[in-house]
1. Compute the separation of the alpha-carbon centres of the range 109-124 and the range 206-261 and state it in Å as a whole number.
2. What number results when the radius of gyration of the range 3-188, computed over Cα atoms, is divided by 2.2 N^0.38 Å?
3. How many nm separate the modelled label positions at residue 14 and residue 27, each set 7 Å beyond the Cα in the direction of the Cβ?
4. What 222 nm value per residue comes from the helices of the chain, counting each DSSP H run with n ≥ 4 as -39,500 (n - 2.57) and dividing by all residues, nearest 500 deg cm²/dmol?
5. Considering the values [x] 89, 59, 49; [y] 87, 56, 39; [z] 64, 50, 36, which represents Cα extents along the principal axes in Å as calculated for the structure under consideration?
6. Note the full-extension length gain between residue 270 and residue 155 as 0.36 nm times their separation in residues minus their Cα-Cα distance, in nm to one decimal.
7. May I ask you to derive the FRET efficiency for residue 228 and residue 332 from their Cβ-Cβ distance with R0 = 22 Å, giving the value to the nearest 0.05?
8. What percent do you get for the relative contact order of the chain when only Cα pairs under 8 Å and 6+ apart count?
């Protein structure tokens, strides 16, 4: 047993206790896993209690050898863990059954986001329908995790992925708290209204023209929409939205720098000499331009890279949220 494997075993035991202390798991529910290397993982055994894990409750499995899983006390959710590690790039997976989250999503299909923190760190949390006590369609959960590092399995629980267990735990805790806030808000007002959300959902006329993503025509169309939008103009003026922000497609020379002046894009340039540069691979940008992934959430979850201070950029959260909403109004090929 190498040193990394020993460290990971200790981390699994520690995170299991933290989940139990926060009442995010009970009895023998939930399971944890961690990537040792490209081919091997550690995963908690079936029937183990995450709050009281022992060394023998953590099993090492070689994902490249089906025979290696035979005869081991693997969780019924092992196929889900295996698929995620084989097709995505996380280093840890948390699967647990938080009571408030389970209760909320048993009656609602979408999270009602009421705080800026929830919108920034959680975004639109995907919800996967599930018809059986164990996850029998792991590919649906895997696809949801391509959009967000956290996914809800309706009537079952949540799955969180990350570079480490702390990242996943924070996401689960943030969602549990967001659900608690929504529940408390309904005590004061059963019909929660959010004018900000309604403003973001203003429908703009759509054209049938589709553009190559990150082409000059695509970006210019976005600039035109931004400069024609009254909401961005108003909020940009109020918050003095004056800065240089560049977006970059990883692995290419495609870079566009927006020169904002009080909410208007006064000039479009083609370099990354800016205090804020947002970069991501093609598949992530595609999700963003399709409106399936919030750039703020993508940044906080590590799917996008930001050069610059996110805290300073958050000063213009409201106009930028509207700007990102406009992205999906322009069709891409």
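Read-outs throughout are calculated quantities, based only on the coordinates presented, and are distinct from any laboratory measurement. Treat the numbers as computed from the prediction; the structure is a model and nothing was measured. Positions of Cβ are backbone-derived with ideal geometry, glycine not excepted, and every protein chain shown enters the neighbour counts.
1. Here the two parts' Cα centres lie 24 Å apart.
2. That works out to 0.99 for the range 3-188.
3. 3.0
4. Computed mean residue ellipticity for the chain: -12000 deg cm²/dmol.
5. [z]
6. 36.6 nm
7. With R0 = 22 Å, the Cβ-Cβ based efficiency is 0.70.
8. 13
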